[in-house]
Amino acid sequence: MGDVLYVLEHYYPYLIRGFFTTLLVSVIALAGSLLIGIVVAVLRIVPSKALNAFGRAYVEILRNIPLLLVAFFFYHGLTAFGLNLDGFTAGTLGLTVYTAAFIAEAVRAGIQAIPRGQMEAGLASGLSYVQTMRYIILPQAIKIVIPPIGNQFLNLVKNSSILSLFAGFDLMYWSDYAASDSFKTFGAYILAAAFYLLMTIPLSIAVRTLEGRLHRLPDRSRAAQAAYGEV
């Protein structure tokens with residue numbers, strides 16, 4: 001306990017700075033990965049072989065290589081093209097595109113859980129493919145995929161520690177600094193764990209609350225099927 005108090009007293013400003021940096025990275029990556037994930041999920045099911053192949057390649061490549069390599073690509077690999085990104089930017093981009101691959105698979109599964117007849121009915125009623133996806137399919141799919149997407153968001157927050165390898169000045173970076181500077185390794189990492197819990201527990205509660213509220217809403221999927229004569 002003494003080590004924890006020592007680190008808290010002497011390195012508190014650094015840890016707070018790292019906490020807010022990690023929070024910022026997580027928010028940016030959450031928004032970016034959700035947007036990219038939805039787009040890639042739609043590409044995987046549109047009636048176009050070329051777009052299907054692109055979406056499949058994105059998911060298979062990103063899901064089957066370590067996050068560290070993805071982040072290294074943005075930090076070191078882009079220098080071959082004349083782009084020099086700082087640790088914060090490279091780590092955030094790597095985290096975003098990596099997480100998007102997992103979100104894409106969750107969203108795709110949710111979309112494919114919606115009866116195919118709803119897409120056909122939307123197209124038959126005069127809506128375009130994009131309009132049918134936006135107004136009929138995706139709203140129902142989101143209700144289904146909230147739990148797996150919530151899990152991916154929690155993983156994203158924890159995976160943000162990758163920035164520490166690129167001088168991203170995140171929570172893990174400053175925890176490493178406090179541990180090496182004070183030799184209070186146990187205290188530094190216990191505090192790091194506590195700060196991560198401050199982010200992940202509220203997010204977990206928010207996901208469960210949203211999931212519960214969505215399940216209390218009327219079953220629009222059944223209503224839509226009835227409207228289209230499927231039930």
- Query: Does segment 53-69 include one or more residues that are small (Gly, Ala, Ser), in contact (Cβ under 8 Å) with a residue 12 or more places away in the chain and out of contact with any Phe, Trp or Tyr (no Cβ under 6 Å at 6 or more places or on another chain)?
  - Reply: yes
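Conditions tested, residue by residue: (1) within 16 Å of the chain's Cα centre (by Cα); (2) over 29 Å from ALA193 (Cβ atoms); (3) surrounded by 14 or more Cβ atoms within 10 Å (Cβ to Cβ).
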site: LEU23; (1), (2), (3): yes, no, yes
site: ARG44; (1), (2), (3): no, yes, yes
site: PRO47; (1), (2), (3): no, yes, no
site: ASN52; (1), (2), (3): no, yes, yes
site: ALA57; (1), (2), (3): no, yes, no
site: LEU67; (1), (2), (3): yes, no, yes
site: PHE81; (1), (2), (3): no, yes, no
Expected output for segment 2-21 (first residue at negative phi and of a type in the set (S, T, N, Q), partner buried (at least 18 other Cβ atoms within 10 Å of the Cβ) and at pLDDT 90 or above, Cβ below 6 Å, 6+ apart or cross-chain) is THR21/ASP170
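Looking for whichever is surrounded by 15 or more Cβ atoms within 10 Å (Cβ to Cβ) and modelled with pLDDT of 90 or more here; the options are GLY94, GLY122. Which one fits? Steps first, please.
Working: GLY122 fails: modelled with pLDDT of 90 or more.
After applying the criteria, what remains is GLY94.
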Exercise for review: Kindly indicate whether GLY126 is on the phi > 0 side of the Ramachandran plot and among the small types (Gly, Ala, Ser).
Suggested key: yes
Reported set for segment 1-46 where residues are among the basic types (Lys, Arg) and either closer than 21 Å to ALA179 by Cβ or assigned to a helix (DSSP H, G or I) (or both) is ARG17
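The values are calculated or read from the model by the stated rules, or taken from the named source; none is laboratory data. Predicted, not measured: the structure shown is a model, and the values here were computed from it. Don't worry about glycine lacking a Cβ; one is built from the backbone with ideal geometry, like all the others, and counts go over all protein chains shown.
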